[in-house]
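Reading through the structure tokens given below for one structure.
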Amino acid sequence: MVLAELGGKLRDSLRKLHTHSGHVTQSHLKDLLGDISRALIESDVNVKLVMELRNNVNDKVQTLIDEDEEKDSSKNSDADRRASQVSKHVQKVVVEELVQLLQPQRKPYVMKRGKANVVLFVGLQGAGKTTTIAKFANYYQRRGWKTAMVCADTFRAGAFDQLKQNATKLRVPFYGSYTQADPVAIAEEGVDQFCKEGYEVIIVDTSGRHRQEAGLLDEMAEIADAVAPDNTVLVMDATQGQAVFDQASAFSNVVDVGSVIITKLDGHAKGGGALSAVAATESPIIFLGSGEHFDDLDPFNAQSFVSKLLG
Ligand code: GDP
């Protein structure tokens, strides 16, 4: 189920609560939680997380519904008013739990002006890492940050050219090498150089490869050791479904993933897999990628994302 459909399904399920003057019985609640769980699972949200959400909502609203059912024998306007408050409360709890699903405890790294903020980008090949780096550089440069890029991907032929092309279009300085094969040395040299030159946002691209194989993960850990990033951003592809959860765990076992960017949420991505993978990294989503152009990067806020989803 794609995101727009998920929004519609969730909206319809919540709307049903307001029928019967808002009286919510145990059976209405069971139906609601069943509908919501099905919709989330069909959108690729991790099943364990869906069960947690279901239990949390159930626990939080149970007492209120029990009380309401007891008092419900009096068919008067007071009972209706109370009932409508119950349905509003259930709706509020569902929204809170959806926000919770997308928003781990950890707060996003805040860039600091006037100092070097080293941002390491990691992710599998094809996730959209190089494109996202260009968008990220564009975002900060436009807001007046002195921004530079380092290409530490020596594995994929053409990676440096791709970064160079983007950097040139954006007029962002870049560092890389056609001859140096050691990505750790390049990352270190590039970051050192831009630190000395007073750059504020120094973005480091790493190699992607196809799977989260040991070699890639070791290399990433070595680069992270060498450049001591202030923030490590994991780029995840929204079209990859449930698989993204395992990828996210593999990456965050090796480097300290501080933030997540989800790409390709335009088009027909289900999105639930990537969106709920924040639970595996326990770090917040900071941007969503919504297209192939440099401007297609939207800051992420869980509350407004859920509000928009539910219309
Ligand atoms: P990398 O291997 O992770 O560096 O991936 P690339 O940056 O080369 O991107 C792979 C493909 O995904 C390219 O065709 C990009 O144009 C495309 N892409 C990246 N981000 C997005 C996005 O947010 N939306 C869409 N539709 N395509 C994207």
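Some observations on this one:
- Restricting attention to region 197-219, the residues that are exposed (fewer than 15 other Cβ atoms within 10 Å of the Cβ) and under 18 Å from residue 122 (Cβ atoms) total 6.
- Among (1) buried (at least 22 other Cβ atoms within 10 Å of the Cβ); (2) more than 10 Å from the ligand (Cβ to nearest atom); (3) at positive phi - the single one residue 264 does not satisfy: (2)
- Scanning region 293-308 for residues that are modelled with pLDDT under 95 and not aromatic (Phe, Trp, Tyr) turns up 301, 302, 303, 304, 306, 307, 308.
- Among the residues listed as 7, 34, the single one being within 21 Å of residue 242 (Cα to Cα), within 26 Å of the chain's Cα centre (by Cα) and without any contact (Cβ under 8 Å) to a residue 12 or more places away in the chain: 34
- Residue match in region 96-107 (condition: without any contact (Cβ under 8 Å) to a residue 40 or more places away in the chain and not hydroxyl-bearing (Ser, Thr, Tyr)): yes
- Complete set of residues in region 131-150 that are of a type in the set (Lys, Arg), outside any loop (DSSP other than H, G, I, E, B) and surrounded by 18 or more Cβ atoms within 10 Å (Cβ to Cβ): 135
- Residues of region 276-287 classified as touching a helix residue (DSSP H, G or I) at 6+ places or on another chain (Cβ under 8 Å) and either open to solvent by 20 Å² or more (accessible area, probe 1.4 Å) or under 11 Å from residue 299 (Cα atoms) (or both), total: 5
- Residue within region 46-63 that is of a type in the set (Lys, Arg) and surrounded by 15 or more Cβ atoms within 10 Å (Cβ to Cβ) present: yes
- Count of region 84-142 residues which are among the small types (Gly, Ala, Ser), closer than 26 Å to residue 309 by Cα and more than 16 Å from the ligand (Cβ to nearest atom): 2
- Test for residue 122: is it under 21 Å from residue 237 (Cβ atoms) and buried (at least 21 other Cβ atoms within 10 Å of the Cβ): yes
- Residues within region 15-42 that are at pLDDT 90 or above and within 16 Å of residue 306 (Cα to Cα), tallied: 4
- Lone unmet requirement of (1) small (Gly, Ala, Ser); (2) open to solvent by 10 Å² or more (accessible area, probe 1.4 Å); (3) more than 26 Å from residue 167 (Cα to Cα); (4) in contact (Cβ under 8 Å) with a residue 40 or more places away in the chain for residue 273: (2)
- Sole exception among (1) charged (D, E, K, R); (2) in a helix (DSSP H, G or I); (3) open to solvent by less than 30 Å² (accessible area, probe 1.4 Å) for residue 188, by number: (3)
- Filtered residue count, region 134-155, keeping only those that are on the phi < 0 side of the Ramachandran plot and without any contact (Cβ under 8 Å) to a residue 24 or more places away in the chain: 2
- Output for region 227-239, where each listed residue is touching a residue at least 60 places away in the same chain (Cβ under 8 Å) and crowded, with 17+ Cβ neighbours inside 10 Å: 227, 229, 230, 231, 232, 233, 234, 235, 236, 237
- For region 253-286, residues that are in a helix (DSSP H, G or I) and more than 23 Å from residue 53 (Cα to Cα) total 2.
Every residue, every condition in (1) open to solvent by less than 70 Å² (accessible area, probe 1.4 Å); (2) under 26 Å from the mean Cα position of the chain (by Cα), yes or no:
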residue	(1), (2)
129	yes, yes
152	yes, yes
158	yes, no
165	no, no
169	no, no
195	yes, no
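- Among the residues making up region 287-309, those that are part of a helix (DSSP H, G or I) and not hydroxyl-bearing (Ser, Thr, Tyr) are 302, 303, 305, 306, 308, 309.
The values are calculated or read from the model by the stated rules, or taken from the named source; none is laboratory data. Worth saying up front: this structure is predicted, and the values here are computed from it rather than measured. Glycine also receives a Cβ, built like all others from the backbone with ideal geometry; neighbour counts cover every protein chain displayed. Areas reflect the complete protein model, heavy atoms only, side chains present, ligands, DNA and RNA absent. Shrake-Rupley method; radii C 1.70, N 1.55, O 1.52, S 1.80 Å.
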